[in-house]
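Single-structure report; data block below.
The values are calculated or read from the model by the stated rules, or taken from the named source; none is laboratory data. The shown structure was predicted, so the numbers you read here are calculated from the model rather than taken from an experiment. Every residue, glycine among them, receives a Cβ derived from its backbone with ideal geometry; neighbour counts consider all protein chains shown. For accessibility, only protein heavy atoms count, side chains too; no ligands or nucleic acids. Shrake-Rupley method; radii C 1.70, N 1.55, O 1.52, S 1.80 Å.
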Amino acid sequence: MHWINLLCMLALVGSGLRIYNAHAALYWGEVSHFDTPLFATQAIAGKDGVLGASRPGSDSALMRLGFPSWATIPSPGMGGLAVARRWHFFFAWAWVINGVCFLLWSLASRHLGRDLAMQRRDWRDIPKSIVDHLRFRHPVGDAAARYNPLQKLAYLLVIFVLPPLVVMTGLSMSPQMASVLGWWMDIVGGRQSARTLHFVAMALFVLFAVVHVVMVVYAGPINEMRSMITGRFRVKYPKTETAPTPAVQEAPASADRMETRP
Amino acid sequence: MTEIIRLSRRRLLRGAVAGAGVGLLSGCDALSQRQGFIDMLSTAEPMNRSVQRFLTGNRLAREFPESMISPVFKPNGSINPKTPEYLALKAENFAPYRLNIRGLVRKPLEFSVDALRAMPSRTQITRHDCVEGWSVIGQWTGVPLSRLLDAAGLKPGARYVVFHCYDDLAGDGSRYYESIDLDDAYHPQTIAAYDMNGAPVPVSNGAPLRMRIERKLGYKQPKYVHTIEVVDSYTTLFGGKGGFWEDDGYDWYGGI
């Protein structure tokens with residue numbers, strides 16, 4: 001499910017940026033105030049030539065593009081907004097269906113309640129966890145096999161906050177759906193606000209993904225990747241402590257864990 | 001020694017990441033060129049249509065107060081048609097204009113703009129959503145399409161309403177057209193509009209008559225309409241996909 005999710009996300013972000021490029025500006029409110037956008041990506045003359053313009057191919061003309069051709073699906077000249085919309089809606093459905101399956105599985109397997117839910121101890125440990133993160137102090141022993149509080153909060157954000165937001169703001173851009181989303185449109189402030197929030201949610205997903213990958217690499221990519229694929233996660237115990245035999249323990253990532261430190 | 005190894009490893013990694021990225025994207029571009037793949041992606045369209053139709057029923061698009069009308073109703077697509085038949089009409093301020101209703105109807109009809117103005121009308125202040133992503137709000141007055149269709153009387157087998165337009169957006173001698181099904185045709189806010197913001201629709205926004213189909217994107221709301229044709233299928237018309245932009249790959253549903 002994780003890898004289907006990644007595939008969908010890549011397709012959604014790429015095609016979404018191509019859709020954004022069709023009108024490379026964001027507004028707040030119900031309508032577009034064309035002269036006063038909230039955010040716009042336009043070509044400007046910079047020190048090193050024109051900024052905000054790309055050549056989709058080595059021999060093609062310079063094009064004014066909100067996002068460069070390498071970031072969009074499809075690239076300019078390889079299909080336009082129509083194709084990008086096809087990509088976006090197909091992978092939106094795939095992503096939502098995959099997400100619902102993940103949610104049902106996490107509930108049934110108690111992954112959600114056991115591994116992800118914030119316990120009282122997690123809330124108490126937040127300050128300590130922040131300090132640990134800032135000092136790049138990596139958890140050892142059984143703590144390494146658990147999610148730390150900041151990690152839990154990040155996961156809860158990308159599971160329970162961003163997906164509903166991104167789906168609802170996506171649907172808010174549909175004139176057909178807007179006919180039944182009156183109350184929600186009042187909360188978000190209109191179609192153009194919804195489009196802006198949809199973009200912000202996308203940016204937060206991308207930010208999460210970047211931090212997520214950095215953390216995986218930092219925590220030992222081979223061990224982490226193996227655990228993601230096989231479910232086996234190698235836990236290191238500090239040398240000074242008398243670790244339970246053996247010194248290196250193979251623990252299934254989602255199996256029962258000891259709640260007490262050795 | 002380690003320095004060199006580390007540098008080359010870093011370069012290798014960077015190359016691998018860049019290579020994977022380029023491979024991924026050119027792969028996506030190659031897929032975008034394959035009709036089979038596009039057909040697979042297009043399976044989302046009937047899902048959008050049926051789920052959204054189920055959730056929205058016959059609900060009205062939101063209507064706004066006058067204070068929210070946009071200062072400029074951004075014109076898009078054709079904004080100044082140059083086809084000879086349109087220029088001839090425009091030269092006479094659209095006096096000879098006639099709206100034709102034909103196809104699978106009991107009684108083909110013809111309306112001048114004045115005749116349309118004499119019919120019961122609906123005025124609505126609604127948001128116009130372009131497929132590109134922008135929106136503007138405008139006020140529209142026109143005849144509900146349901147009245148026109150009822151006046152002509154639908155024949156059995158009628159399933160779609162096709163709008164034929166004066167403008168040649170492609171610039172190749174073809175004409176803009178669009179189609180909707182009877183659900184949308186009989187929606188209360190589907191009107192043939194002759195007034196925008198209290199004055200006759202300007203040329204840039206579709207004079208003398210344009211469709212307002214409020215729960216659709218802009219490309220599904222044709223301007224410069226001269227004929228409303230009732231059909232059982234749109235597959236034999238022009239590109240066969242039911243509309244000018246649909247023939248270019250856009251979805252026929254056009255509700256999101």
Practice prompt. Could you pull out the trypsin sites (Lys or Arg not before Pro) across the range A:67-156 that fall in loop regions by DSSP (anything but H, G, I, E, B) with no more than 12 other Cβ atoms inside 10 Å?
Written response: A:R110, A:R135, A:R137
Discussion item. Compute and list, largest first, the equivalent-ellipsoid semi-axes of the range A:94-154 from the alpha carbon gyration tensor, each √(5λ) rounded to a whole angstrom.
Written reply: 27, 13, 11
Worksheet item: Across the range B:203-217, in residue order, what do the Karplus-derived ³J(HN,Hα) couplings come to in whole Hz, using 6.51 cos²θ - 1.76 cosθ + 1.60 with θ = phi - 60° and x for Gly and Pro?
Response: 3, 5, 9, x, 3, x, 9, 9, 8, 10, 10, 5, 9, 10, 6
Response to the item:
Which residues qualify? For A:K236, with a placed amide H closer than 5 Å and at least 5 residues away or on another chain, they are A:G141
Response to the item:
Note: probe point = Cα of A:T36 + 7 Å toward Cβ; backbone nitrogen < 13 Å; residues of the range B:42-78 passing the test are B:71
Worksheet item: Is the range B:54-210 rounded, prolate or oblate when judged by the Cα gyration tensor, a ≥ b ≥ c being the square roots of its eigenvalues, rounded requiring a/c under 1.5 and prolate requiring a/b larger than b/c?
Response: rounded
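Summed for both chains, how many Å² of accessible area, to the nearest 100, are buried between A and B with a 1.4 Å probe?
Numbers: alone 16770 and 13870 Å², together 26640 Å².
Buried: approximately 4000 Å² between B and A.
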Discussion item. If you take each beta carbon of peptide B:33-40 and count the beta carbons of other chains within 10 angstrom, what is the mean?
Written reply: 2
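Can you tell me the accessible area per residue over the protein assembly as shown, all protein chains present, probe 1.4 angstrom, in square angstrom? Walk me through the numbers on the way to the answer.
Numbers: 26640 Å² over 518 residues.
Per residue, the protein assembly as shown has an accessible area of 51 Å².
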Worksheet, complete the sentence: Under the 7 Å Cα-to-Cβ spin-label approximation, A:L207 and B:D172 lie apart by a distance in nanometres of 4.6
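With +1 on each Lys and Arg Cβ and -1 on each Asp and Glu Cβ, and nothing else charged, work out how big the dipole of the range A:69-181 is about its Cα centre, in Debye to the nearest 20.
Dipole about the Cα centre, nearest 20: 240 debye.
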Practice prompt. Just grab the label-to-label distance for A:L157 and A:R124, each label 7 Å out from Cα along the Cβ direction, in nm (one decimal).
Written response: 2.5
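Give the longest segment of chain B that steers clear of trypsin sites (Lys or Arg not before Pro) in DSSP loops with at most 12 neighbouring Cβ atoms within 10 Å, not counting the sites themselves.
Working: sites that count: B:R34, B:K82, B:R106.
Longest run free of exposed loop sites: B:107-256.
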Item to complete: Sticking with the crude label model, points 7 Å out along Cα→Cβ, report the distance from A:I229 to B:R102 in nm, one decimal please.
Response: 6.6
Response to the item:
Counting sequence-distant residues (5 or more places) and residues on other chains, those with an amide H built under 5 Å from that of A:L26 are A:L38, A:F39, A:A40
Worksheet item: For chain B, what is the calculated [θ] at 222 nm in deg cm²/dmol (nearest 500), taking -39500 (n - 2.57) for each run of four or more DSSP H residues and dividing by its residue count?
Response: -9000 deg cm²/dmol
Item to complete: Over all alpha-carbon pairs of the protein assembly as shown, lay out the pair-distance distribution in 10 Å bins, whole %, shortest bin first.
Response: 3, 15, 23, 22, 16, 10, 6, 3, 1, 0
